[in-house]
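As structure tokens, the structure follows; a few thoughts come after it.
The values are calculated or read from the model by the stated rules, or taken from the named source; none is laboratory data. Predicted model, so just to flag it, every value in this text is computed and none were measured. Note that each Cβ is placed from the backbone with ideal geometry, even for glycine, and that neighbours are counted across all protein chains shown.
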Amino acid sequence: MADATFDCIVTGSGPGGYVAAIRAAQLGMKTAVVEKDSIGGRCLNYACIPAKAVLRSADILTEIGEAEQFGLTLGSVQVDYQAVQARRQKVVSTLTGGVSGLLKKNEVQVISGEASLLPPSTRRDGIESDQDRLISVLVGGSTLTASTVVLATGSVRRSIPGVALEGPIIGTEEAWALPELPKRLAVVGAGASGTEIASGFARLGSEVMLIEMLDRVLPTEDEDICRLVERGLKRQGLTVLTGTSIEDVQATESTVSFTYRDQRAEVDRLVIATGRAPDTEALRLQEAGVELDERGCVKVDQAQRTSRRGVYAIGDLVRGPALAHKASDEGIIAVEDAAGRQTHPISYIDIPRATFCTPNVGSFGLTEQQAKDAGHDVVVGKVPYGAVGGGTVYGDRTGLVKVVGETRYGELLGGHIVGSRATELIQELVNVRALEGGVPELARIIHGHPTLSEAVMEAARAADGWLIHG
């Protein structure tokens with residue numbers, strides 16, 4: 001590859017990077033994406049999309065198991081795990097191929113390799129020329145230059161102290177691509193990724209332990225939601241251990257043993273799902289004059305600008321939740337700012353959160369406790385799915401919608417849903433908040449009948465003091 005100059009270079013082609021590149025091209029910038037692995041980044045190739053593809057197979061298996069409740073008698077059903085994995089790869093190939101097509105359509109040049117930032121040039125006379133304002137990016141043996149560089153390299157797996165990720169001890173990405181269905185599986189970390197893995201593999205037939213050091217599963221979610229999730233996981237046959245840590249981890253080529261609560265366990269695979277770290281090593285940020293914050297994330301302002309002029313950072317590299325949709329929006333903000341457009345700072349608390357375990361969890365904003373801790377005069381509305389017709393018709397009466405508001409202005413502070421389609425339903429609450437609606441407005445929006453979404457309306461009515469169904 002020869003040296004080349006662009007208007008914008010994006011390092012990484014995940015949901016943040018490829019969206020930033022396409023938006024930059026739309027704004028008239030000559031744009032390149034540097035990708036060291038496969039187009040689509042970790043999200044499309046190893047994480048978000050593979051996870052949901054495997055979970056969809058588990059969801060269908062669950063629905064088949066409940067068929068008799070709907071008057072349907074089926075024969076025995078077998079899990080063809082190799083076919084599940086083949087479909088996972090087909091889904092990944094379809095979506096990554098689509099992203100490649102979008103980049104090509106928008107005339108974004110894709111460059112294979114790993115990018116490093118070069119230090120800014122210095123002049124003895126202190127006078128900066130147009131050439132000096134260009135940022136240099138080293139890829140292989142070639143130097144690329146641009147007036148705008150967007151760092152979008154995402155995150156890397158991280159283990160727990162004293163435990164190496166090797167052999168049968170794996171990260172979340174490797175879990176979704178396991179070539180064989182493990183008979184015994186232990187997952188350490190009951191956040192979103194851990195609960196999804198545990199729920200998915202338990203329903204496909206693995207014997208699963210889910211271990212969390214804190215006092216509940218999904219510890220960042222509202223307490224009412226956590227209780228229902230844990231109950232649902234246990235109904236799937238999982239062993240759920242909260243307030244628990246593991247010690248003395250010993251691995252062979254094919255098994256892992258460890259101690260918990262003075263007991264010894266042995267499993268075929270141990271999945272570490274306790275978090276990830278920004279992927280910054282190859283970027284050589286310190287030499288390039290890009291500052292990090294106290295957590296090791298790249299320090300940025302509300303327009304995603306770093307401490308070095310012309311360099312932006314997005315996604316898992318920066319503050320805020322490590323979510324694909326958050327990265328995409330940050331990518332748009334970064335390149336629009338670089339193009340001189342008016343941008344919109346992100347309200348991180350209002351970003352929807354989605355966990356695709358069974359039962360699904362969707363949430364945004366403040367939990368009830370967080371709202372109280374912030375000093376709000378809190379009002380809460382809670383309605384089970386079973387209170388509306390859709391919950392009974394569609395076979396999920398155990399779900400719950402919880403609306404957190406405040407009494408003075410009826411402001412919608414947060415929403416928390418557990419149950420079927422929770423990851424879709426939460427967007428309604430996010431949209432009401434974004435359009436400056438509150439609890440009273442949501443309570444009076446007409447909803448279709450019979451639908452699960454009526455539970456969202458009824459929860460708002462409960463918070464507003466006039467619940468009809470419940």
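Answer with yes or no whether Gly289 is at pLDDT 95 or above, small (Gly, Ala, Ser) and under 30 Å from Leu181 (Cα atoms).
Working: at pLDDT 95 or above: yes; small (Gly, Ala, Ser): yes; under 30 Å from Leu181 (Cα atoms): no.
No: the conditions fail for Gly289.
Surrounded by 21 or more Cβ atoms within 10 Å (Cβ to Cβ) and either under 21 Å from Asp59 (Cα atoms) or touching a residue at least 60 places away in the same chain (Cβ under 8 Å) (or both): does that describe Leu400? Spell out how you get there, then give the answer.
Details: surrounded by 21 or more Cβ atoms within 10 Å (Cβ to Cβ): yes; either under 21 Å from Asp59 (Cα atoms) or touching a residue at least 60 places away in the same chain (Cβ under 8 Å) (or both): yes.
For Leu400, the condition - surrounded by 21 or more Cβ atoms within 10 Å (Cβ to Cβ) and either under 21 Å from Asp59 (Cα atoms) or touching a residue at least 60 places away in the same chain (Cβ under 8 Å) (or both) - is met.
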Q: Go through Asp301, Asp262 for me and flag whichever is without any contact (Cβ under 8 Å) to a residue 12 or more places away in the chain and at positive phi.
A: Asp262
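Output the number of residues of segment 175-196 satisfying the condition of being among the hydrophobic types (A, V, I, L, M, F, W, C) and either within 14 Å of Gln85 (Cβ to Cβ) or touching a Gly at 6+ places or on another chain (Cβ under 9 Å) (or both).
Of segment 175-196, the ones among the hydrophobic types (A, V, I, L, M, F, W, C) are 175-178, 181, 185-188, 190, 192.
The next check asks that each one be either within 14 Å of Gln85 (Cβ to Cβ) or touching a Gly at 6+ places or on another chain (Cβ under 9 Å) (or both); those that pass are 175-178, 181, 187-188.
Count: 7.
With surrounded by 20 or more Cβ atoms within 10 Å (Cβ to Cβ) and within 24 Å of the chain's Cα centre (by Cα) as the only criterion, which of Arg42, Arg56 stands out? Write out each step before concluding.
Details: Arg56 fails: surrounded by 20 or more Cβ atoms within 10 Å (Cβ to Cβ).
Going through Arg42, Arg56 in turn, just one is surrounded by 20 or more Cβ atoms within 10 Å (Cβ to Cβ) and within 24 Å of the chain's Cα centre (by Cα): Arg42.
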Q: Identify, from the list Gln302, Gln369, Gln342, the residue that is surrounded by fewer than 16 Cβ atoms within 10 Å (Cβ to Cβ) and not assigned by TED's automatic domain parsing to the domain that holds Gly16.
A: Gln369
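Among the residues of segment 295-310, write down those that are outside any loop (DSSP other than H, G, I, E, B) and not basic (Lys, Arg).
Residues of segment 295-310 outside any loop (DSSP other than H, G, I, E, B): 298, 305.
Val298 - this is the single residue of segment 295-310 that is outside any loop (DSSP other than H, G, I, E, B) and not basic (Lys, Arg).
Looking for whichever is under 30 Å from Ile111 (Cα atoms), buried (at least 16 other Cβ atoms within 10 Å of the Cβ) and in contact with a Ser or Thr (Cβ under 8 Å, 6 or more places away or on another chain) here; the options are Val150, Val217. Which one fits?
Working: Val217 fails: under 30 Å from Ile111 (Cα atoms).
One residue alone meets the criteria, Val150.
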**Q.** Output for segment 428-452, where each listed residue is of a type in the set (S, T, N, Q), surrounded by 15 or more Cβ atoms within 10 Å (Cβ to Cβ) and closer than 25 Å to Ser347 by Cα
**A.** none
Q.
Out of Val91, Val163, I need the residue that is surrounded by 15 or more Cβ atoms within 10 Å (Cβ to Cβ), assigned by TED's automatic domain parsing to the domain that holds Glu253 and more than 20 Å from Met29 (Cβ to Cβ). Which one?
A. Val163
